[in-house]
Amino acid sequence: MVTVMEGVYIPLYGVDSMAVKVASFHMDVYPVTNSEYLAFVQKFPTWKKSQVKRLFANKSYLTGWPNDDSFGDQLQPNAPVTNISWFAAKKYCECQGKRLPTIDEWEYAAMADESTADARKKKSYNQFILGWYERRNTYNEAIGSTFKNYWGIYDLHGLVWEWTSDFNSVLISGESRKDVDKDSNLFCGSAAVGASDLMNYAAFMRYAFRGSIKANYSIKNLGFRCVKDVEDQP
């Protein structure tokens with residue numbers, strides 16, 4: 001893990017465009033891999049492909065794995081594990097003494113390029129992200145295939161999208177988590193309403209994607225990595 005130092009940023013999506021303070025935290029350098037997740041399910045069998053409860057993972061969970069104890073020959077051992085539900089990702093992190101990052105933590109760390117903590121205004125940075133969104137099957141590329149960012153973190157962009165602990169919180173208008181389903185126009189032009197940077201379509205796509213999924217969904221290009229509070233680790 002590496003330390004992402006505290007700071008303030010303005011989220012690229014949000015009606016009030018308020019600056020958000022992010023406390024220092026530790027983040028995994030790489031997303032969790034197939035081989036790492038295989039070790040996890042072998043240690044905690046209730047999360048194996050055939051044993052996981054549908055309440056916690058839909059039928060797409062580990063869909064590329066031929067059986068409970070193998071990710072097969074089609075997936076690289078050091079590629080990010082995908083087809084993992086939010087519940088499964090959360091449990092994995094907890095079993096490592098860690099947790100999933102919040103949206104603000106993930107976005108704050110991911111706005112860095114190789115040399116700048118906030119590269120969102122750089123044309124090359126946004127072109128790289130949008131170019132990746134147009135590529136296929138990057139989920140099966142080895143971790144570390146992309147650039148090492150300002151904080152020392154790889155693959156926040158370029159391989160897979162990643163779960164956050166509060167992935168649907170931006171769209172919740174009331175107390176019920178089901179409120180997220182009410183924004184049926186999210187993938188249309190209304191996604192730009194209230195944004196603090198109307199040019200950053202990559203951010204709109206991430207927030208739209210997060211708002212469209214549920215915690216038991218398992219998706220081919222969606223993986224995860226863990227974080228830790230600073231006080232939990234020297």
Taking 0.36 nm per residue of separation and subtracting the Cα-Cα distance, what length does fully extending GLU134 through SER50 add?
27.0 nm
Packing-wise, with mean Cβ within 10 Å as the measure, how do 155-168, 55-68, 103-116 rank, highest first?
155-168, 103-116, 55-68
Given R₀ = 30 Å, FRET efficiency for ALA39-ASP166 by Cβ-Cβ distance, to 0.05?
0.65
For region 13-107, evaluate the Debye formula with one uniform point scatterer on each Cα (no solvent term) and list log10 I(q)/I(0) at q = 0.21 Å⁻¹, rounded to two decimals.
-1.06
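Can you pick out the pairs among LYS90/LYS123; LYS21/LYS228; LYS123/LYS220; LYS59/LYS148 whose Cα atoms lie more than 24 Å from each other?
On the way: LYS90/LYS123 34 Å; LYS21/LYS228 17 Å; LYS123/LYS220 28 Å; LYS59/LYS148 34 Å.
Over 24 Å Cα-Cα: LYS90/LYS123; LYS123/LYS220; LYS59/LYS148.
Where Rh is the Kirkwood radius over the Cα pairs of region 93-168, the temperature 10 °C and the viscosity 1.306 mPa s, what D in µm²/s does Stokes-Einstein return? Please list the in-between numbers first.
Details: Rh = 13.3 Å.
After rounding, the answer is 119 µm²/s.
Just so you know, all these numbers are worked out from the coordinates, no wet-lab data involved. Since this is a predicted model, take the numbers as computed values, not measurements. Because the Cβ atoms are built from the backbone with ideal geometry, glycine has one as well, and the counts that use them run over all protein chains shown.
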